[in-house]
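> Could you have a look at this structure, given as C-alpha coordinates, before my questions?
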Amino acid sequence: MTQSLHDNAVLIQSLIERIKAGQSGELKTLFNDLRSAAGDILQDYDGIIGTMGQRDEISKLLAKAMELPVDAYGQQLRDLCNQISGEVVNLEYHSLMSVAGMPALVIPDTDKIIRQLDNTPMSIRNWRGELMLDPFIKDWETATLTAANNAVLRAWSEGQTIQQLTTMLRGTKKLYGADGIIGQYVQNADMIGRTAIQHTSSVAREAFYDANDDVIDKVRFVATLDNRTTAVCRSLDGTEYPINVGPRPPLHIGCRSTTRPVLDDDTFSEGATRSSATGYVPANETYYQWLERQPDDYQDSAIGKMRATLLRDGGLSAQQFAALQLDKNFQPLTLDEMRQLAPNAFIRAGV
(Lines give C-alpha, C1' and ligand atoms only; values in the text may rest on other atoms or scores of the structure.)
Protein backbone atom coordinates (compact mmCIF):
# COMPACT_ATOMS: atom_id res chain seq x y z
CA MET A 1 0.00 0.00 0.00
CA THR A 2 2.87 2.36 0.65
CA GLN A 3 3.77 1.86 -2.98
CA SER A 4 0.44 3.34 -4.04
CA LEU A 5 0.76 6.20 -1.56
CA HIS A 6 4.21 7.09 -2.84
CA ASP A 7 3.26 6.71 -6.47
CA ASN A 8 0.07 8.67 -5.84
CA ALA A 9 2.12 11.50 -4.32
CA VAL A 10 4.20 11.61 -7.49
CA LEU A 11 1.07 11.38 -9.63
CA ILE A 12 -0.54 14.28 -7.76
CA GLN A 13 2.65 16.29 -8.23
CA SER A 14 2.64 15.51 -11.95
CA LEU A 15 -0.91 16.90 -12.11
CA ILE A 16 0.29 20.02 -10.30
CA GLU A 17 3.07 20.37 -12.89
CA ARG A 18 0.46 20.15 -15.64
CA ILE A 19 -1.50 22.97 -14.00
CA LYS A 20 1.69 25.04 -13.94
CA ALA A 21 2.32 24.32 -17.62
CA GLY A 22 -1.32 25.18 -18.32
CA GLN A 23 -0.58 28.77 -17.38
CA SER A 24 1.12 29.21 -20.75
CA GLY A 25 -2.06 30.66 -22.23
CA GLU A 26 -2.35 33.26 -19.47
CA LEU A 27 1.32 34.14 -19.88
CA LYS A 28 0.94 34.57 -23.63
CA THR A 29 -2.01 36.91 -23.03
CA LEU A 30 0.03 38.85 -20.48
CA PHE A 31 2.96 39.13 -22.89
CA ASN A 32 0.80 40.35 -25.78
CA ASP A 33 -1.20 42.77 -23.63
CA LEU A 34 1.90 44.34 -22.10
CA ARG A 35 3.61 44.74 -25.46
CA SER A 36 0.45 46.27 -26.92
CA ALA A 37 0.09 48.62 -23.95
CA ALA A 38 3.67 49.86 -24.33
CA GLY A 39 3.32 50.23 -28.11
CA ASP A 40 0.05 52.12 -27.85
CA ILE A 41 1.54 54.68 -25.46
CA LEU A 42 4.88 55.18 -27.15
CA GLN A 43 3.51 55.48 -30.70
CA ASP A 44 2.32 58.98 -29.85
CA TYR A 45 5.87 60.17 -29.24
CA ASP A 46 8.92 60.66 -31.46
CA GLY A 47 12.58 61.58 -31.20
CA ILE A 48 14.14 61.76 -27.78
CA ILE A 49 12.48 62.47 -24.43
CA GLY A 50 13.26 66.18 -24.30
CA THR A 51 12.05 67.32 -20.91
CA MET A 52 11.46 66.00 -17.41
CA GLY A 53 7.78 66.80 -17.88
CA GLN A 54 7.62 64.57 -20.96
CA ARG A 55 9.57 61.88 -19.12
CA ASP A 56 7.11 61.91 -16.22
CA GLU A 57 4.13 61.96 -18.59
CA ILE A 58 5.36 58.87 -20.44
CA SER A 59 6.12 57.08 -17.15
CA LYS A 60 2.64 57.81 -15.81
CA LEU A 61 0.85 56.71 -18.99
CA LEU A 62 2.94 53.54 -19.27
CA ALA A 63 2.29 52.59 -15.65
CA LYS A 64 -1.45 53.09 -16.06
CA ALA A 65 -1.62 51.08 -19.30
CA MET A 66 0.58 48.20 -18.05
CA GLU A 67 -1.04 48.02 -14.62
CA LEU A 68 -4.24 46.52 -16.02
CA PRO A 69 -2.75 43.32 -17.53
CA VAL A 70 -0.30 42.98 -14.63
CA ASP A 71 -3.11 43.15 -12.07
CA ALA A 72 -5.26 40.80 -14.16
CA TYR A 73 -2.54 38.16 -14.23
CA GLY A 74 -1.92 38.44 -10.50
CA GLN A 75 -5.62 38.12 -9.72
CA GLN A 76 -6.17 35.09 -11.95
CA LEU A 77 -3.13 33.42 -10.37
CA ARG A 78 -4.51 33.93 -6.88
CA ASP A 79 -7.95 32.72 -7.99
CA LEU A 80 -6.31 29.61 -9.45
CA CYS A 81 -4.48 28.96 -6.17
CA ASN A 82 -7.76 29.17 -4.26
CA GLN A 83 -9.39 26.79 -6.71
CA ILE A 84 -6.71 24.10 -6.69
CA SER A 85 -6.36 24.11 -2.89
CA GLY A 86 -9.59 22.14 -2.57
CA GLU A 87 -8.72 19.91 -5.52
CA VAL A 88 -5.38 18.90 -3.97
CA VAL A 89 -7.14 17.92 -0.73
CA ASN A 90 -9.59 15.74 -2.66
CA LEU A 91 -6.71 14.03 -4.46
CA GLU A 92 -4.97 13.36 -1.14
CA TYR A 93 -8.21 12.02 0.30
CA HIS A 94 -8.71 9.53 -2.52
CA SER A 95 -5.06 8.51 -2.34
CA LEU A 96 -5.34 7.57 1.34
CA MET A 97 -8.72 5.93 0.89
CA SER A 98 -7.03 3.50 -1.52
CA VAL A 99 -5.42 1.88 1.55
CA ALA A 100 -7.41 -1.16 2.63
CA GLY A 101 -9.00 -0.75 6.04
CA MET A 102 -8.55 3.01 6.10
CA PRO A 103 -10.96 4.60 8.60
CA ALA A 104 -13.15 7.56 7.75
CA LEU A 105 -11.07 10.61 6.84
CA VAL A 106 -11.75 14.31 7.29
CA ILE A 107 -11.75 16.67 4.31
CA PRO A 108 -10.91 20.18 5.54
CA ASP A 109 -13.24 22.98 4.54
CA THR A 110 -11.95 24.82 1.46
CA ASP A 111 -12.49 28.23 3.08
CA LYS A 112 -10.32 27.11 5.99
CA ILE A 113 -7.57 26.01 3.61
CA ILE A 114 -7.71 29.38 1.83
CA ARG A 115 -7.35 31.14 5.19
CA GLN A 116 -4.30 29.00 5.89
CA LEU A 117 -3.00 29.89 2.45
CA ASP A 118 -3.32 33.54 3.41
CA ASN A 119 -1.34 33.03 6.60
CA THR A 120 1.30 30.40 5.81
CA PRO A 121 4.68 31.73 4.64
CA MET A 122 6.68 29.94 2.00
CA SER A 123 9.86 28.09 2.98
CA ILE A 124 11.90 29.63 0.16
CA ARG A 125 15.54 30.15 1.08
CA ASN A 126 17.57 33.25 0.12
CA TRP A 127 14.49 35.15 -1.01
CA ARG A 128 14.61 38.88 -0.37
CA GLY A 129 10.96 39.51 -1.08
CA GLU A 130 7.75 38.64 0.72
CA LEU A 131 7.00 35.03 1.68
CA MET A 132 3.23 35.33 2.13
CA LEU A 133 1.32 34.43 -1.03
CA ASP A 134 -0.47 37.70 -1.83
CA PRO A 135 2.57 39.95 -1.21
CA PHE A 136 4.74 37.40 -3.06
CA ILE A 137 2.60 37.88 -6.17
CA LYS A 138 2.38 41.63 -5.59
CA ASP A 139 6.18 41.87 -5.47
CA TRP A 140 6.29 40.63 -9.06
CA GLU A 141 3.61 43.11 -10.12
CA THR A 142 5.52 46.01 -8.53
CA ALA A 143 8.87 44.87 -9.96
CA THR A 144 7.40 44.67 -13.48
CA LEU A 145 6.02 48.20 -13.39
CA THR A 146 9.22 49.49 -11.76
CA ALA A 147 11.32 47.95 -14.54
CA ALA A 148 9.24 49.76 -17.16
CA ASN A 149 9.57 53.05 -15.30
CA ASN A 150 13.33 52.55 -14.96
CA ALA A 151 13.56 52.02 -18.72
CA VAL A 152 11.95 55.41 -19.27
CA LEU A 153 14.36 57.05 -16.81
CA ARG A 154 17.37 55.49 -18.54
CA ALA A 155 16.14 56.49 -21.97
CA TRP A 156 15.72 60.10 -20.82
CA SER A 157 19.07 60.18 -18.98
CA GLU A 158 21.03 58.63 -21.85
CA GLY A 159 19.38 60.57 -24.66
CA GLN A 160 17.86 57.48 -26.28
CA THR A 161 15.08 57.78 -28.81
CA ILE A 162 11.50 56.67 -28.34
CA GLN A 163 12.20 53.88 -30.82
CA GLN A 164 15.09 52.67 -28.68
CA LEU A 165 12.87 52.79 -25.59
CA THR A 166 10.19 50.86 -27.43
CA THR A 167 12.67 48.15 -28.38
CA MET A 168 14.02 48.08 -24.83
CA LEU A 169 10.54 47.36 -23.53
CA ARG A 170 9.00 45.27 -26.32
CA GLY A 171 12.12 43.44 -27.54
CA THR A 172 13.18 42.74 -31.11
CA LYS A 173 11.18 41.09 -33.88
CA LYS A 174 14.08 38.70 -34.48
CA LEU A 175 13.66 37.18 -31.02
CA TYR A 176 9.86 37.63 -30.95
CA GLY A 177 10.15 40.08 -28.07
CA ALA A 178 11.83 37.63 -25.69
CA ASP A 179 14.84 39.96 -25.29
CA GLY A 180 12.78 42.91 -24.10
CA ILE A 181 12.06 43.92 -20.52
CA ILE A 182 8.46 42.81 -20.92
CA GLY A 183 9.56 39.38 -22.14
CA GLN A 184 11.94 39.00 -19.21
CA TYR A 185 9.30 39.88 -16.65
CA VAL A 186 6.76 37.56 -18.24
CA GLN A 187 9.35 34.79 -17.81
CA ASN A 188 9.59 35.86 -14.18
CA ALA A 189 5.80 35.65 -13.96
CA ASP A 190 6.02 32.04 -15.10
CA MET A 191 8.35 31.14 -12.23
CA ILE A 192 6.33 33.17 -9.72
CA GLY A 193 3.21 31.33 -10.84
CA ARG A 194 4.85 27.92 -10.63
CA THR A 195 6.11 28.67 -7.14
CA ALA A 196 2.76 30.04 -5.95
CA ILE A 197 0.96 26.92 -7.22
CA GLN A 198 3.50 24.65 -5.52
CA HIS A 199 3.05 26.54 -2.25
CA THR A 200 -0.71 26.18 -2.54
CA SER A 201 -0.32 22.44 -3.03
CA SER A 202 1.89 22.15 0.07
CA VAL A 203 -0.46 24.18 2.27
CA ALA A 204 -3.47 22.12 1.14
CA ARG A 205 -1.64 18.84 1.78
CA GLU A 206 -0.57 19.96 5.23
CA ALA A 207 -4.13 20.99 6.09
CA PHE A 208 -5.28 17.50 5.10
CA TYR A 209 -2.51 15.83 7.13
CA ASP A 210 -3.38 17.95 10.16
CA ALA A 211 -7.08 17.17 9.92
CA ASN A 212 -6.27 13.45 9.90
CA ASP A 213 -3.43 13.30 12.41
CA ASP A 214 -5.04 10.29 14.08
CA VAL A 215 -4.07 8.30 10.96
CA ILE A 216 -1.08 10.24 9.61
CA ASP A 217 1.99 10.04 11.81
CA LYS A 218 4.58 12.07 9.92
CA VAL A 219 5.29 13.78 6.61
CA ARG A 220 7.98 12.61 4.18
CA PHE A 221 9.81 15.01 1.89
CA VAL A 222 9.85 13.71 -1.71
CA ALA A 223 12.24 15.19 -4.28
CA THR A 224 12.28 14.50 -8.00
CA LEU A 225 14.90 11.91 -8.96
CA ASP A 226 16.58 13.57 -11.93
CA ASN A 227 19.58 15.79 -12.67
CA ARG A 228 17.62 19.06 -12.39
CA THR A 229 16.90 18.76 -8.67
CA THR A 230 18.56 21.38 -6.46
CA ALA A 231 21.02 20.68 -3.63
CA VAL A 232 18.55 21.47 -0.88
CA CYS A 233 15.81 19.21 -2.29
CA ARG A 234 18.28 16.41 -3.09
CA SER A 235 19.54 16.43 0.47
CA LEU A 236 16.10 16.52 2.12
CA ASP A 237 14.66 13.72 0.00
CA GLY A 238 13.37 10.95 2.25
CA THR A 239 13.55 12.97 5.47
CA GLU A 240 10.52 12.82 7.73
CA TYR A 241 9.00 15.45 10.02
CA PRO A 242 6.01 15.77 12.33
CA ILE A 243 2.94 17.44 10.86
CA ASN A 244 3.38 21.24 10.73
CA VAL A 245 7.08 20.93 11.59
CA GLY A 246 10.11 21.22 9.31
CA PRO A 247 10.69 22.51 5.77
CA ARG A 248 8.04 22.12 3.11
CA PRO A 249 8.14 22.76 -0.64
CA PRO A 250 8.67 25.13 -2.29
CA LEU A 251 12.18 25.63 -0.93
CA HIS A 252 13.22 27.72 -3.92
CA ILE A 253 11.69 29.43 -6.94
CA GLY A 254 10.41 26.78 -9.35
CA CYS A 255 10.60 23.96 -6.76
CA ARG A 256 9.16 20.61 -7.89
CA SER A 257 9.45 18.69 -4.62
CA THR A 258 6.41 17.42 -2.77
CA THR A 259 5.44 15.51 0.38
CA ARG A 260 3.56 12.35 1.21
CA PRO A 261 1.93 11.10 4.40
CA VAL A 262 3.53 8.46 6.61
CA LEU A 263 0.85 6.43 8.32
CA ASP A 264 0.81 5.37 11.96
CA ASP A 265 0.84 1.82 10.64
CA ASP A 266 3.45 2.10 7.91
CA THR A 267 4.05 -1.60 7.47
CA PHE A 268 3.28 -1.72 3.76
CA SER A 269 6.68 -0.64 2.43
CA GLU A 270 8.03 -4.04 1.37
CA GLY A 271 8.30 -4.13 -2.40
CA ALA A 272 7.16 -0.54 -2.84
CA THR A 273 8.66 1.58 -5.63
CA ARG A 274 9.00 5.20 -6.74
CA SER A 275 9.66 6.65 -10.17
CA SER A 276 12.90 8.25 -11.28
CA ALA A 277 14.46 9.60 -14.46
CA THR A 278 16.00 6.16 -15.00
CA GLY A 279 13.02 3.96 -14.12
CA TYR A 280 11.35 2.65 -10.98
CA VAL A 281 13.42 2.26 -7.80
CA PRO A 282 12.59 1.16 -4.22
CA ALA A 283 10.26 3.66 -2.54
CA ASN A 284 12.59 4.13 0.42
CA GLU A 285 15.59 4.88 -1.80
CA THR A 286 16.72 8.48 -1.32
CA TYR A 287 18.09 10.83 -3.94
CA TYR A 288 21.78 10.13 -3.22
CA GLN A 289 21.21 6.38 -2.93
CA TRP A 290 19.69 6.56 -6.39
CA LEU A 291 22.38 8.88 -7.74
CA GLU A 292 25.31 6.75 -6.55
CA ARG A 293 24.04 3.97 -8.84
CA GLN A 294 24.02 6.22 -11.92
CA PRO A 295 26.87 6.53 -14.45
CA ASP A 296 29.72 8.89 -13.61
CA ASP A 297 28.79 11.44 -16.27
CA TYR A 298 25.20 11.58 -15.01
CA GLN A 299 26.44 12.15 -11.47
CA ASP A 300 28.77 14.89 -12.73
CA SER A 301 25.93 16.66 -14.52
CA ALA A 302 23.61 16.39 -11.52
CA ILE A 303 25.83 17.68 -8.71
CA GLY A 304 29.09 18.81 -10.32
CA LYS A 305 32.28 16.85 -10.92
CA MET A 306 33.95 17.47 -7.54
CA ARG A 307 30.92 16.58 -5.45
CA ALA A 308 30.28 13.56 -7.66
CA THR A 309 33.88 12.39 -7.12
CA LEU A 310 33.37 12.80 -3.38
CA LEU A 311 30.18 10.74 -3.58
CA ARG A 312 31.94 7.98 -5.51
CA ASP A 313 35.31 7.86 -3.79
CA GLY A 314 34.99 9.64 -0.45
CA GLY A 315 33.95 6.56 1.52
CA LEU A 316 30.71 8.19 2.68
CA SER A 317 27.32 6.52 2.73
CA ALA A 318 24.53 8.23 0.80
CA GLN A 319 23.04 9.31 4.12
CA GLN A 320 26.34 10.77 5.32
CA PHE A 321 26.82 12.53 2.00
CA ALA A 322 23.32 14.02 2.19
CA ALA A 323 23.93 15.26 5.75
CA LEU A 324 27.10 16.97 4.55
CA GLN A 325 25.26 19.10 1.98
CA LEU A 326 23.23 21.46 4.17
CA ASP A 327 23.73 23.52 7.31
CA LYS A 328 21.25 23.57 10.21
CA ASN A 329 19.17 26.19 8.38
CA PHE A 330 18.93 23.98 5.27
CA GLN A 331 21.32 26.22 3.34
CA PRO A 332 23.71 24.43 0.92
CA LEU A 333 27.29 24.21 2.15
CA THR A 334 30.20 25.18 -0.08
CA LEU A 335 32.89 22.64 -0.91
CA ASP A 336 35.28 24.40 1.49
CA GLU A 337 32.72 24.16 4.29
CA MET A 338 32.18 20.49 3.50
CA ARG A 339 35.95 19.92 3.54
CA GLN A 340 36.17 21.34 7.05
CA LEU A 341 33.49 18.92 8.25
CA ALA A 342 34.81 15.80 6.50
CA PRO A 343 38.49 16.31 5.59
CA ASN A 344 39.26 12.59 5.41
CA ALA A 345 36.54 12.02 2.81
CA PHE A 346 38.12 14.67 0.59
CA ILE A 347 41.54 13.07 1.06
CA ARG A 348 40.19 9.63 0.13
CA ALA A 349 38.50 11.08 -2.95
CA GLY A 350 41.61 13.00 -3.96
CA VAL A 351 39.76 16.31 -4.30
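The values are calculated or read from the model by the stated rules, or taken from the named source; none is laboratory data. This is a predicted model, so every value here is computed, not measured. Heads up, the Cβs are rebuilt from the backbone with ideal geometry, glycines too, and the neighbour counts pull from every protein chain shown. Only protein heavy atoms, including side chains, enter the accessible area calculation; ligands, DNA and RNA are left aside. Shrake-Rupley method; radii C 1.70, N 1.55, O 1.52, S 1.80 Å.
> Can you tell me which residues in the stretch 1-48 are aromatic (Phe, Trp, Tyr) and outside any helix (DSSP H, G or I)?
First, the residues of the stretch 1-48 that are aromatic (Phe, Trp, Tyr): 31, 45.
Tyr45, the sole residue that qualifies.
> Another question, then. Is it fair to say Ser275 is farther than 22 Å from Ile12 by Cα, open to solvent by 20 Å² or more (accessible area, probe 1.4 Å) and either in contact with a strand residue (DSSP E or B) (Cβ under 6 Å, 6 or more places away or on another chain) or among the hydroxyl-bearing types (Ser, Thr, Tyr) (or both)?
Numbers: farther than 22 Å from Ile12 by Cα: no; open to solvent by 20 Å² or more (accessible area, probe 1.4 Å): yes; either in contact with a strand residue (DSSP E or B) (Cβ under 6 Å, 6 or more places away or on another chain) or among the hydroxyl-bearing types (Ser, Thr, Tyr) (or both): yes.
The answer is no for Ser275.
> Here's something else I'd like to know. Let me spell it out: the conditions are (1) free of Cβ contacts under 8 Å to residues at least 40 places away in the same chain; (2) closer than 22 Å to Asp111 by Cα; (3) of a type outside the set (Lys, Arg), and Asn32 meets all of them except one. Which number is the exception?
Answer for Asn32: the failing condition is (2).
> Kindly list, by first and then second residue, each pair from a residue in the stretch 106-123 that is in contact (Cβ under 8 Å) with a residue 24 or more places away in the chain to a residue that is part of a loop (DSSP other than H, G, I, E, B) and among the polar types (S, T, N, Q), limited to pairs with Cβ atoms under 7 Å and residues at least 6 apart or on different chains.
Hits for this filter: Val106/Asn212.
> Next up: Pick from the stretch 138-187 the residues that are under 18 Å from Glu26 (Cβ atoms) and in contact with a Lys or Arg (Cβ under 7 Å, 6 or more places away or on another chain): which of them is surrounded by the most Cβ atoms within 10 Å (Cβ to Cβ)?
Among those that are under 18 Å from Glu26 (Cβ atoms) and in contact with a Lys or Arg (Cβ under 7 Å, 6 or more places away or on another chain), it is Ile182.
> Follow-up. Residues in the stretch 315-333 that are open to solvent by 70 Å² or more (accessible area, probe 1.4 Å) and more than 21 Å from Trp290 (Cα to Cα): how many?
The qualifying residues number 2.
> Taking into account only those residues within the stretch 235-268 that are outside any loop (DSSP other than H, G, I, E, B) and of a type in the set (A, V, I, L, M), which is surrounded by the most Cβ atoms within 10 Å (Cβ to Cβ)? Give the steps one after another, and end with the answer.
First, pick out the residues of the stretch 235-268 that are outside any loop (DSSP other than H, G, I, E, B): 235-236, 240-241, 258-263.
With the extra rule that they be of a type in the set (A, V, I, L, M), the set shrinks to 236, 262-263.
Values: Leu236: 26, Val262: 18, Leu263: 18.
Top of the filtered list is Leu236.
> Let me ask something else. Every residue in the stretch 163-178 that is free of Cβ contacts under 8 Å to residues at least 12 places away in the same chain and not in a helix (DSSP H, G or I), please.
Residues of the stretch 163-178 that are free of Cβ contacts under 8 Å to residues at least 12 places away in the same chain, as a first pass: 163-164, 172-176, 178.
Passing the criteria: Thr172, Lys173, Lys174, Leu175, Tyr176, Ala178.
> Quick one: would you say Ser59 is more than 21 Å from the chain's Cα centre (by Cα) and not aromatic (Phe, Trp, Tyr)? Working first, answer last.
Working: more than 21 Å from the chain's Cα centre (by Cα): yes; not aromatic (Phe, Trp, Tyr): yes.
In short, yes.
> Still on this structure, please answer the following. Filtering the stretch 198-224 down to residues that are touching a Leu at 6+ places or on another chain (Cβ under 8 Å) and in a loop (DSSP other than H, G, I, E, B), which residue is surrounded by the fewest Cβ atoms within 10 Å (Cβ to Cβ)?
Restricting to residues being touching a Leu at 6+ places or on another chain (Cβ under 8 Å) and in a loop (DSSP other than H, G, I, E, B), the top hit is Val215.
> For the stretch 212-253, what are the residues that are modelled with pLDDT under 95, out of contact with any Phe, Trp or Tyr (no Cβ under 9 Å at 6 or more places or on another chain) and under 21 Å from Met191 (Cα atoms)?
Val222, Asp226, Arg228, Thr230, Ala231
> Which condition number in (1) under 23 Å from the mean Cα position of the chain (by Cα); (2) in a loop (DSSP other than H, G, I, E, B) is the one that Val232 fails?
It is condition (2) that Val232 fails.
> Right, next: Which residues, counting only those in the stretch 82-102, are open to solvent by less than 70 Å² (accessible area, probe 1.4 Å) and either at pLDDT below 90 or of a type in the set (Lys, Arg) (or both)?
Scanning the stretch 82-102 gives Ser95, Leu96, Ser98, Val99, Met102.
> Just for the stretch 19-42: of the residues that are open to solvent by less than 40 Å² (accessible area, probe 1.4 Å) and among the aliphatic types (A, V, I, L, M), which one is nearest to the chain's Cα centre (by Cα)?
Of everything passing the filter in the stretch 19-42, Leu27 is nearest to the chain's Cα centre (by Cα).
> Does Ala323 qualify as being in contact with an Asp or Glu (Cβ under 8 Å, 6 or more places away or on another chain) and modelled with pLDDT of 90 or more?
Numbers: in contact with an Asp or Glu (Cβ under 8 Å, 6 or more places away or on another chain): no; modelled with pLDDT of 90 or more: yes.
Considered against the rule, which asks whether it is in contact with an Asp or Glu (Cβ under 8 Å, 6 or more places away or on another chain) and modelled with pLDDT of 90 or more, Ala323 comes out as no.
> Looking at Asp79, Asp134, which one is assigned to a helix (DSSP H, G or I), open to solvent by 20 Å² or more (accessible area, probe 1.4 Å) and free of Cβ contacts under 8 Å to residues at least 40 places away in the same chain?
Details: Asp134 fails: free of Cβ contacts under 8 Å to residues at least 40 places away in the same chain.
Every option except Asp79 fails the conditions.
> Any residue in the stretch 43-62 that is at pLDDT below 95, surrounded by fewer than 14 Cβ atoms within 10 Å (Cβ to Cβ) and in contact with a helix residue (DSSP H, G or I) (Cβ under 7 Å, 6 or more places away or on another chain)?
yes
> Continuing with this model, one more query. Please enumerate the residues belonging to the stretch 106-124 that are buried (at least 17 other Cβ atoms within 10 Å of the Cβ) and assigned to a loop (DSSP other than H, G, I, E, B).
Pro108, Thr120, Met122, Ser123, Ile124
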